[in-house]
Amino acid sequence: MPNTKAKLSFNDFKNEVLQDYKTVLLSRESSLLGRREVLMGRGGFGIFGDGKELPQIAMAKVFRNGDFRSGYYRDQTFMMAIGALTPKQLFAHLYGDTNIENAPESAGRQMNNHFATHSLNEDGSWRNLMEQKNSSADISCTAGQMPRLLGLAQASKIYRHVDGLENFTNFSNKGNEVAWGTIGNASTSEGLFWETINAAGVLQVPMVMSVWDDEYGISVHARHQTTKESISEVLKGFKRDKKKAGFEILVVKGWDYSELIKTYQKAEKIAREKHIPVLIHVTELTQPQGHSTSGSHERYKSKERLQWEKDHDCNLKFRDWILNYAVEIEGEIFKFISDISELEAIENEAKKEVQSNKREAWNEFKKPIQDAKKEILAILKTVAEQSSNKVFINKLVADFSADQDHHFKPNLVYARKVLRYITNEQFPAKTTLVNWINTYTKIYKDKYGSHLYSQSKKAVLNIDEVVPTYNTDAKKVDARTILRDNFNEIFTNHPETLIFGEDTGYIGDVNQGLEGMQEKFGELRVADTGIREATIIGQGIGMAMRGLRPIAEIQYLDYLLYALQTISDDLATLHYRSAGRQKAPLIIRTRGHRLEGIWHSGSPMSGINSFLKGVCILVPRNMTKAAGFFNTMLESDDPSLIIENLNGYRLKEKQPNNFGKFRTPVGVVETLTKGTDITLVSYGSTLKIVEDAAQQLQQFDISCEVIDIQSIMPFDVKHDIVKSVQKTNRLMVIDEDVPGGASAYILNEILTTQNAYQYLDSKPIALCSEEQRPAYGTDGDYFCNRSAEDIFEAVYQILHEANPNKYKALY
Ligand SMILES: Cc1ncc(C[n+]2csc(CCOP(=O)(O)OP(=O)(O)O)c2C)c(N)n1
Ligand SMILES: [Mg+2]
């Protein structure tokens, strides 16, 4: 009797191999057709994963539920292999379909091949991440996926070792999940790659980093990118040995199916079981169609290279391997196929499948747009009949009917043009037209604009204020202890919270706001990090995406610039670019303003404010307010930046008795001093100077209303500032940012959004720092920033202009 067990297992193996072959074919066919679609004008831009198919099959085999991918635009084969992408979805994405059912990764917001799975339900609540294979939402910036990858991997370490997280079973099974990174060879030249690799080696987290090496980054060859033209060669110093922890580094050819599978199995075991990071350098990959639809690689690759790529195409190599494979079982020879026609049948099937997928995706993308076109054409024709400008309107209708543009845009372009011809007329079809324009504008603005911030019940504006309460004999204490005692409460009550940064752990931060916390809560929850701001933020993003509540500390506000790219490109866009299906409710803690020196007194708020749309920007004036912001943000699922005042830690504040509970409301201003002559608006530590100036002005019979913004983003949602201006009719914004910076934003909010311009009797003033960065020392501050004297004189000048008899000229 033949060994049926061996035969059966051979059969299983054969089916798996042929299924893999089908997957690489589906992927390749999608790339080939995808490029043609773009060249035919059906997509704005196309970038595909051809030439990188085979290693992604191997990676998918060891990728388990609960795992996370953080990768880039070449990974379509992987996404197909884990069941998270169909060719139809790939085409829907390419066309820019805004229906999230058709294009689940971003509902038309991202360029094609930027992948994502859904971590959240439609209402913003978490899904069970352990019942699915997860892909964090891609970004276009080369190596931008790296910092987040570190955090995704670190979450497993936290779940494995921190007590109290046993119930977080929707996110982890004892930290057994691996974070899988992918990157192109050329992108390893970026600093973010090196910073992440070093940090992962230090932290020893379960990360498997694959480098897809095709020797090029667009047109630029490896000799311009990488020392020794080999990333595994130059990373050798990171390799672990018997004495020291480090990386496992593996090298494998990208067209060798069986070696790829062995390599990925090995990597998985090391990372999953031992939490040792692994780098897999996948060499000898190709780009059959060149980099993207923007150009052809014949321009920069030699004939020899192009021929070499043809000979080493991983799909063709795989085909050869299948054809030649033979194994002997009990004297019998077993092959995957008996005749080449079997492979050709699979190939034809794949071609047909992709063709029909493409057709369906195109039809489904077009249908709602064409339906709308029919609807609006009919309305416009009726309008033409009823209008005295029939001739002009009919001409537009004819142009519109003939217009072949397949986008939604022409529907509104023609509708809005027609409206201009009937301003003097009134008839029923006009109302229909106006309603149609309004309805569809709203629908599409929402399709492209929703979910910049959370829309769930945990959105920050839904979190109610809780005021700090005080014992009757409450003492005044060093303000830093208010933060510390509040953190103590947070860490005690929320096992999912953790904080990390430079000097954050052992000494309890440079200003002692975390004094004693590491001793009490352990080195994993109150942790020191290397000096590497971008990956500190990446740790926070990745861990927040896996259900933890990290607080990432950036030692000084000025050094946020090192992390600005990661915060701006990744954190701030995450919820938006995934159309509300991924979130990272990270809290970034930092301190800034007025310490006297170019890099320690800076207040680069305008850059921060512009780059961080999608993140709440909070500027508490004291530590009680700051502590309250931490408590608020922990209730919310919006990400935030909380900027403490560097010079406020040793000032005295009254000690509250409800630590961990009081919550500072976000988006709400506070009036500190009531007044009638002018409204002074400021924030953070500058307020102390403004209040001082206001008191001095009072002595000269000028009554100032002082308002603390508290929250730059969102800004004064109740429009309280305009109410003040309505009363005082004068406005000054005092800011330590440069001219045209945050103050320009604040003025815009007050004057145009809140319409305060109509109540002004004097020119609105923005009193800012000088244009250069503030110089060192007390005098540097005095001459670069605004002093109480500057504010006094600027306010006095306004009142002098209004009433020169009462307020005689100072100079
Ligand atoms: C920060 C940044 N710089 C430049 C680009 C433009 N760009 C897109 S892909 C690419 C080349 C990437 O090459 P590689 O990492 O080898 O990946 P491959 O496309 O070859 O797979 C460049 C320069 C970008 N997207 N982001
Ligand atoms: Mg490359």
Any hit, segment 686-700, residues being under 34 Å from the mean Cα position of the chain (by Cα) and farther than 20 Å from Gly592 by Cβ: no
Conditions (1) open to solvent by less than 10 Å² (accessible area, probe 1.4 Å); (2) in contact with a Leu (Cβ under 8 Å, 6 or more places away or on another chain); number of the one not met by Gln289: (1)
Test result for Phe334, among the aromatic types (Phe, Trp, Tyr), away from ligand 1 (no atom under 16 Å from the Cβ) and over 30 Å from Phe247 (Cα atoms): yes
Top-ranked residue of segment 176-190 - restricted to ones that are in a loop (DSSP other than H, G, I, E, B) and over 18 Å from Pro55 (Cα atoms), ranked as farthest from ligand 1 (Cβ to nearest atom): Asn176
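Listed here are the residues, each with its yes/no results for (1) farther than 30 Å from Leu260 by Cα; (2) in a loop (DSSP other than H, G, I, E, B); (3) of a type in the set (A, V, I, L, M); (4) open to solvent by 10 Å² or more (accessible area, probe 1.4 Å).
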site	(1), (2), (3), (4)
Phe78	no, no, no, no
Ala84	no, yes, yes, yes
Lys88	no, no, no, yes
Ala92	yes, no, yes, no
Ile100	yes, yes, yes, yes
Gly108	yes, yes, no, yes
His114	no, yes, no, no
Asp123	yes, yes, no, yes
The lone exception for Arg549 - which of (1) surrounded by fewer than 24 Cβ atoms within 10 Å (Cβ to Cβ); (2) of a type in the set (Lys, Arg); (3) more than 22 Å from Met517 (Cα to Cα) it fails: (3)
Evaluation of Tyr559 against (1) over 21 Å from Leu192 (Cβ atoms); (2) surrounded by fewer than 23 Cβ atoms within 10 Å (Cβ to Cβ) (one fails), failing number: (1)
Glu793 being modelled with pLDDT of 95 or more, out of contact with any strand residue (DSSP E or B) (no Cβ under 7 Å at 6 or more places or on another chain) and loosely packed, with under 14 Cβ neighbours inside 10 Å: no
In segment 261-295, the residues that are away from ligand 2 (no atom under 16 Å from the Cβ) and part of a loop (DSSP other than H, G, I, E, B): His275, Ile276, Pro277, Thr293
Yes/no for Ile798 being open to solvent by less than 60 Å² (accessible area, probe 1.4 Å) and either under 25 Å from Glu465 (Cβ atoms) or touching a Lys or Arg at 6+ places or on another chain (Cβ under 7 Å) (or both): yes
Residue tally, condition open to solvent by 10 Å² or more (accessible area, probe 1.4 Å) and either within 16 Å of ligand 2 (Cβ to nearest atom) or basic (Lys, Arg) (or both), over segment 125-159: 6
Whichever residue in segment 585-622 is of a type in the set (A, V, I, L, M, F, W, C), open to solvent by less than 30 Å² (accessible area, probe 1.4 Å) and over 19 Å from the mean Cα position of the chain (by Cα) and, among such residues, is modelled with the lowest pLDDT: Met605
Pairs with Cβ under 7 Å, 6+ apart, first in segment 305-322 and over 25 Å from Ser219 (Cβ atoms), second of a type in the set (Ser, Thr, Tyr): Phe318/Tyr21; Phe318/Tyr257; Trp321/Tyr257; Ile322/Tyr21
Qualifying residue in segment 209-219 (condition: under 30 Å from His494 (Cβ atoms) and either touching a Pro at 6+ places or on another chain (Cβ under 9 Å) or among the hydrophobic types (A, V, I, L, M, F, W, C) (or both)): no
Residue that is farthest from ligand 2 (Cβ to nearest atom), among those in segment 199-215 that are open to solvent by less than 40 Å² (accessible area, probe 1.4 Å) and assigned to a loop (DSSP other than H, G, I, E, B): Gln204
Cβ pairs under 6 Å, 6+ apart, first in segment 207-226 and over 15 Å from His291 (Cβ atoms), second of a type in the set (D, E, K, R): Arg223/Glu229
Cross-chain or 6+ apart pairs with Cβ under 8 Å, segment 693-706 first and open to solvent by less than 10 Å² (accessible area, probe 1.4 Å), then part of a loop (DSSP other than H, G, I, E, B) and of a type in the set (D, E, K, R): Ile702/Asp677; Cys704/Asp677; Glu705/Lys674
Per-region count, segment 39-76, residues more than 27 Å from Lys310 (Cβ to Cβ) and either touching a Lys or Arg at 6+ places or on another chain (Cβ under 8 Å) or open to solvent by less than 30 Å² (accessible area, probe 1.4 Å) (or both): 9
Selection count where residues are open to solvent by less than 20 Å² (accessible area, probe 1.4 Å), away from ligand 2 (no atom under 13 Å from the Cβ) and assigned to a loop (DSSP other than H, G, I, E, B), scope segment 216-260: 2
Of the criteria (1) within 16 Å of ligand 2 (Cβ to nearest atom); (2) among the aromatic types (Phe, Trp, Tyr); (3) over 20 Å from Trp180 (Cβ atoms), which one Tyr73 fails: (3)
Top-ranked residue of segment 160-190 - restricted to ones that are without any contact (Cβ under 8 Å) to a residue 60 or more places away in the chain and on the phi < 0 side of the Ramachandran plot, ranked as surrounded by the fewest Cβ atoms within 10 Å (Cβ to Cβ): Asn167
Verdict on Ala179 being at pLDDT 95 or above, within 13 Å of ligand 2 (Cβ to nearest atom) and among the small types (Gly, Ala, Ser): no
Filtered residues of segment 348-381 (kept if buried (at least 17 other Cβ atoms within 10 Å of the Cβ), touching a helix residue (DSSP H, G or I) at 6+ places or on another chain (Cβ under 6 Å) and not β-branched (Val, Ile, Thr)): Ala350, Asn357, Lys358, Ala361, Phe365, Ala372, Lys373, Leu380
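The values are calculated or read from the model by the stated rules, or taken from the named source; none is laboratory data. As the structure is a computational prediction, the values presented were derived from the model and not from experiment. Positions of Cβ are generated from backbone atoms using ideal geometry, with glycine treated the same way; all protein chains shown enter the neighbour counts. These accessible areas exclude ligands, DNA and RNA; they are computed on the full protein's heavy atoms, side chains included. Shrake-Rupley method; radii C 1.70, N 1.55, O 1.52, S 1.80 Å.
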